[in-house]
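Asker: Pasting a structure below so you can have a look.
The values are calculated or read from the model by the stated rules, or taken from the named source; none is laboratory data. Quick caveat, the model's predicted, so the values are computed rather than measured. Glycine also receives a Cβ, built like all others from the backbone with ideal geometry; neighbour counts cover every protein chain displayed. Side chains are part of the model used for accessible areas, which takes the heavy atoms of the whole protein and leaves out ligands, DNA and RNA. Shrake-Rupley method; radii C 1.70, N 1.55, O 1.52, S 1.80 Å.
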Amino acid sequence: MSTHREQAAAAGASEQDGRPGTAGPDRAAGFTEDEEPLAVRYERGPDGIGWLTIDRPEAANALDARARRQLWHALERFRDDEAAAVLVMTGAGDKAFCAGGDLKEMATTELRVPPPDFLPYLNRTFPLDKPVIAAVNGVALGGGFLLAQMADLCVAAEHATFGITEAKWGRGAPWAAPLPWLIPPRIALEMLMTGEPIPAARAHELGLVNSVVPADRLRATAVTLAARIAANAPLSVRASKAMVYAAAERGWREALDEADRIFEPVYLSDDAQEGPRAFRERRAPRWTGS
């Protein structure tokens, strides 16, 4: 994870508010149980899109203990929010998505091997069947790279950069083990061994990022992508996500058998009949998720 020096440089002298605009959320989730300032906010708009915003722009949205704890809470809120079909993760301001862990804090606590619950790792330590989009609005280093890596889809601003900088500071990146599944192994090796970040355009060429857009279009792009997903049959969307990850863990024939198992409840659902019926009646489907 990146250093405090890199975090401060990434943060810059001036930050925008970073809150989603008119297409974003209208309901904030507070953490009244702790009565502590919000470092991570969860909000949902009327469009069924949830927003998770890391809100520490003064520290390049680095993940200190408070932010890590609230990241768990925010993901739990989204998971349990039945009205939210898709989550968009982003960072406050326009300089950093997330500059990684707070190494200054780690030095104080003399952190050695991070425990399994150090960060919620989607589909590993935090099971989640709903889709997640990373909207990378600046640097994504170390743990910030992890957040972008573990999201199902990723859109990035043109000025965004992606880096696994742990080798520069004597730290480890075991969480990057799935990276060769996303990009060519030799590129993964280069990123891990040199610690040098790559620009958004290069990340897009490698398939790490779905699309790259000007910074002022990032939120709108994320909303459009999320809305297209949210408009589809929820059981089909969640089964599609489950199938892709299941295939990554299995051989060719076993993956096909597992896909049959995953999609059988989709075929047997009411929504499977609603889709063709809506097409015949020339209207939008009314999904029930059952």
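Asker: Label points 7 Å out from Cα along the Cβ direction at ARG202 and ASN123: separation in nm?
Answerer: About 2.5 nm, to one decimal.
Asker: Mind checking which lysines have their C-alpha under 18 Å from LYS104, skipping anything on the same chain fewer than 8 residues away?
Answerer: The reachable lysines, counting only those whose Cα sits under 18 Å from LYS104, are LYS168.
Asker: Pop a pseudo-label 7 angstrom from the Cα along the beta-carbon direction at both ASP64 and GLU158 and give the gap in nm to one decimal.
Answerer: It is 3.5 nm.
Asker: Efficiency by 1/(1 + (r/R0)^6): what FRET value for TRP72 and ARG277, r their Cβ-Cβ distance, R0 = 35 Å, to the nearest 0.05? Before the final figure, lay out the partial values.
Answerer: Values: r = 41 Å, r/R0 = 1.17.
For TRP72 and ARG277, the calculated efficiency is 0.30.
Asker: Keeping every protein chain in place, order HIS204, HIS73 by accessible area at 1.4 Å, biggest value first, i.e. largest first.
Answerer: Values: HIS204 85, HIS73 45 Å².
Largest accessible area first, the list is HIS204, HIS73.
Asker: Another question, then. Taking all protein chains in place and a 1.4 Å probe, what share, in percent, of the accessible surface of segment 179-290 do carbon and sulfur account for?
Answerer: Values: 4100 of 7250 Å².
It is 57 percent, rounded to a whole number.
Asker: Contour minus end-to-end for LEU268 and TYR245, with contour as 0.36 nm per residue of separation and end-to-end as the Cα-Cα distance?
Answerer: Details: separation 23, 0.36 × 23 = 8.28 nm, distance 2.21 nm.
Taking 0.36 nm per residue and subtracting the Cα distance, the gain is 6.1 nm.
Asker: Taking a 1.4 Å probe, which of THR165, THR224, THR288 shows the most accessible area, and what order do the others take after it?
Answerer: On the way: THR165 0, THR224 65, THR288 95 Å².
So the residues, ranked largest to smallest area, are THR288, THR224, THR165.
Asker: I'd like the distance between the alpha-carbon centres of segment 217-261 and segment 63-103, rounded to an integer number of Å.
Answerer: Each part's Cα centre sits 21 Å from the other's.
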